[in-house]
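Novice: Take a look at the following structure, please.
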Amino acid sequence: MKLLVTGGAGYVGSVTAARLAESGHEVVVLDDLSTGHEDAVAEGVRLIAENIDDVIEDVLAEGYDGVLHFAAKSLVGESQENPAKYWHGNVGTSLKLLDAIRAHGTPRLVFSSTAATYGEPDSVPIPETAPTRPTNTYGATKLAIDHAITGYARSYGLAAVSLRYFNVAGAYGAIGERHAVETHLIPLVLQVALGQREQVQIFGDDWPTEDGTCVRDYIHVTDLADAHALALEHAVTGEHRVYNLGNGFGFSVKQVLDACREVTGHPIPAVVAPRRSGDPASLVASSERARTDLGWKPERVDLTGIVRDAWEFTRSRQEA
Ligand code: UDP
């Protein structure tokens with residue numbers, strides 16, 4: 001298939017683009033490099049380093065079999081401080097993309113949605129039928145796009161799939177997580193192990209969880225990338241399907257710290273800090289629907305292995 005990957009120079013997008021190209025698809029990345037990295041675009045993948053809003057009409061006019069839409073603003077804290085950036089950057093741009101898809105009859109769309117669309121869940125693991133009550137602007141914009149996709153799929157004959165990611169981690173060889181402003185737990189902890197940061201903060205140890213720290217479902221970026229290929233294959237014209245992607249296992253912040261200590265051999269000092277605004281206590285996915293409908297099965301579920309891949313990537317960047 002000829003595939004357009006928006007945001008294909010970012011973390012999940014670049015791994016997915018690489019895996020799709022390796023499996024024989026013709027892959028074109030559209031990324032304005034505002035947060036992505038040119039050197040994360042795999043060899044043999046064409047990069048269009050432009051803004052989606054400016055060029056999407058012309059790009060899709062070339063004729064594509066599908067679009068994988070990763071490009072987005074994705075910092076929860078920033079979305080609370082600057083909602084306009086998120087409503088325009090996420091929803092506005094996605095509507096432009098949907099209109100171009102419609103205009104040029106692009107048959108398939110796979111969209112990067114998020115567990116943040118659910119907000120504080122009534123219970124875990126979270127199925128796709130759980131109520132969607134996002135607790136931050138980031139999640140609200142992703143949910144709004146999901147609603148728009150539902151309408152475009154039904155009324156304009158698009159085959160669409162939204163994939164709701166839980167906590168993505170790990171690396172795919174030389175491609176991994178590199179944010180200018182790092183807010184995610186595992187990369188921050190690894191910065192301590194590298195000596196770039198003195199200690200890590202634990203955002204609250206009085207949550208209603210077993211050890212008092214927040215529980216998350218960490219999924220390896222390669223398993224996540226492979227779900228996109230399956231979603232493309234299984235997308236049905238006129239339907240918008242939604243799948244949660246996680247391992248189904250929850251790990252607390254303290255358990256993540258222990259895994260990082262084991263992998264790096266560094267003591268990783270940690271201090272307890274106040275809770276972070278908008279954090280739910282526990283987010284764990286039920287991915288039964290993806291397993292049943294798509295035949296998806298995450299293969300790298302061991303937390304230590306996920307951290308090890310992230311660590312090898314982080315160290316190799318340090319040495320480079
Ligand atoms: N967290 C933490 N200290 C940090 C960064 C994150 O305790 O410096 C916690 C955060 O409160 C959450 C978990 O680690 O419970 C995962 O946070 P992350 O930002 O990686 O992902 P999120 O779950 O927000 O998507």
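The values are calculated or read from the model by the stated rules, or taken from the named source; none is laboratory data. This one's a predicted model, so the numbers in the text were calculated from it and none came from an experiment. Here the Cβ positions follow ideal geometry from the backbone for every residue, glycine too, while neighbour counts run over all protein chains shown. Note: areas computed on protein heavy atoms with side chains; ligands, DNA, RNA excluded. Shrake-Rupley method; radii C 1.70, N 1.55, O 1.52, S 1.80 Å.
Novice: What's the Kirkwood radius of region 157-253 in Å, using all Cα pairs?
Specialist: 15.8 Å
Novice: Taking the Cβ of residue 81 as the centre, find all other residues whose Cβ is under 15 Å away and add up their charges (Lys, Arg: +1; Asp, Glu: -1).
Specialist: +2
Novice: Another question about this same structure. What distance in nm separates the two pseudo spin-label positions at residue 34 and residue 22, each 7 Å out from Cα along the beta-carbon direction?
Specialist: Label-label distance for residue 34 and residue 22, simple model: 3.0 nm.
Novice: Which of 195, 305, 66 moves most in a GNM of the chain, Cα contacts under 10 Å?
Specialist: Of the options given, 195 has the highest mean-square fluctuation.
Novice: Follow-up. Measure off 7 Å from each Cα along the Cα-to-Cβ vector at residue 102 and residue 122, then give the distance between these two points in nanometres to one decimal.
Specialist: Once both label points are built, they end up 3.4 nm from each other.
Novice: Apply the Karplus parameterisation 6.51 cos²θ - 1.76 cosθ + 1.60, with θ equal to phi minus 60°, to every residue of region 174-190 and state each ³J(HN,Hα) to the nearest whole Hz, in sequence, with x for glycine and proline.
Specialist: Calculated HN-Hα couplings, in order: 7, 10, x, 7, 9, 10, 4, 10, 8, 10, 7, 4, 4, x, 5, 5, 5 Hz.
Novice: Now, a different point. Give the separation of the Cα centroids, region 24-79 to region 152-170, in Å.
Specialist: 16 Å
Novice: For the pair residue 293 and residue 50, what calculated FRET efficiency results from E = 1/(1 + (r/R0)^6), where r is the Cβ-Cβ distance and R0 = 35 Å, to the nearest 0.05?
Specialist: For R0 = 35 Å, the calculated efficiency reads 0.50.
Novice: Counting only protein heavy atoms, what percent of the accessible surface of the chain is carbon or sulfur at a 1.4 Å probe?
Specialist: Roughly 47 percent of what the probe reaches on the chain is carbon or sulfur.
Novice: Continuing with this model, one more query. With labels modelled as points extended 7 Å from the Cα through the Cβ direction, what inter-label distance (nm, one decimal) is found for residue 133 paired with residue 279?
Specialist: With each label point 7 Å from Cα toward Cβ, the separation is 2.1 nm.
Novice: At a threshold of 8 angstrom on Cα-Cα distance, excluding pairs fewer than six apart, so keeping six or more, what relative contact order does the chain reach in percent?
Specialist: Numbers: 675 pairs, mean separation 59.9, N = 320.
Value for the chain: 19 percent.
Novice: Please list 241, 46, 164 in order of solvent-accessible area, largest first, computed with a 1.4 Å probe with all protein chains present. Walk me through the intermediate numbers first.
Specialist: Values: 241 75, 46 115, 164 15 Å².
So the residues, ranked largest to smallest area, are 46, 241, 164.
Novice: Which cross-chain or sequence-distant (5 or more) residues have an amide H under 5 Å from the amide H of residue 242, H modelled 1.01 Å from N in plane?
Specialist: Distant-sequence amide H within range of residue 242: 162.
Novice: Sorted by accessible area (1.4 Å probe), largest first, how do 108, 315 line up?
Specialist: Final ranking, largest accessible area leading: 315, 108.
Novice: Quickly estimate the mean residue ellipticity at 222 nm for the chain, helices only: each DSSP H run with n ≥ 4 gives -39500 (n - 2.57), and the total goes over all residues, rounded to 500.
Specialist: Helix-only estimate at 222 nm: -11000 deg cm²/dmol.
Novice: Placing unit charges on C-beta atoms (Lys and Arg positive, Asp and Glu negative, everything else neutral), compute the dipole magnitude of region 165-320 about its Cα centre in debye, rounded to 20.
Specialist: The calculation lands at about 240 debye.
Novice: Further question on the same structure: State whether region 94-211 is rounded, prolate or oblate according to the following rule on the C-alpha gyration tensor (a ≥ b ≥ c being the square roots of its eigenvalues): a/c under 1.5 gives rounded; otherwise a/b larger than b/c gives prolate, and the remaining case gives oblate. Mind dumping the intermediate values first?
Specialist: Numbers: a/c = 2.89, a/b = 1.64, b/c = 1.76.
Verdict is oblate for region 94-211.
Novice: Can you work out the FRET efficiency for the pair residue 57 and residue 266, with r the C-beta to C-beta distance and R0 = 41 Å, to the nearest 0.05?
Specialist: FRET efficiency, residue 57 to residue 266: 0.25.
Novice: To the nearest 10 Å², what's residue 317's accessible area with a 1.4 Å probe?
Specialist: 100 Å²
Novice: Ignoring ligands, DNA and RNA, how do 146, 99 rank by accessible area with a 1.4 Å probe, largest first?
Specialist: Correct descending sequence by accessible area is 99, 146.
Novice: Relative to a virtual label point 7 Å from the Cα of residue 2 in the Cα→beta-carbon direction, which members of region 92-121 show backbone nitrogen distances below 14 Å?
Specialist: 104-108
Novice: Is there a pair in 142/297; 2/142; 96/142 whose C-alpha atoms are over 20 Å apart, and which pairs would that be?
Specialist: 142/297; 2/142
Novice: Also: Can you give me the C-alpha center-to-center distance between region 297-317 and region 183-220, rounded to a whole angstrom?
Specialist: 16 Å
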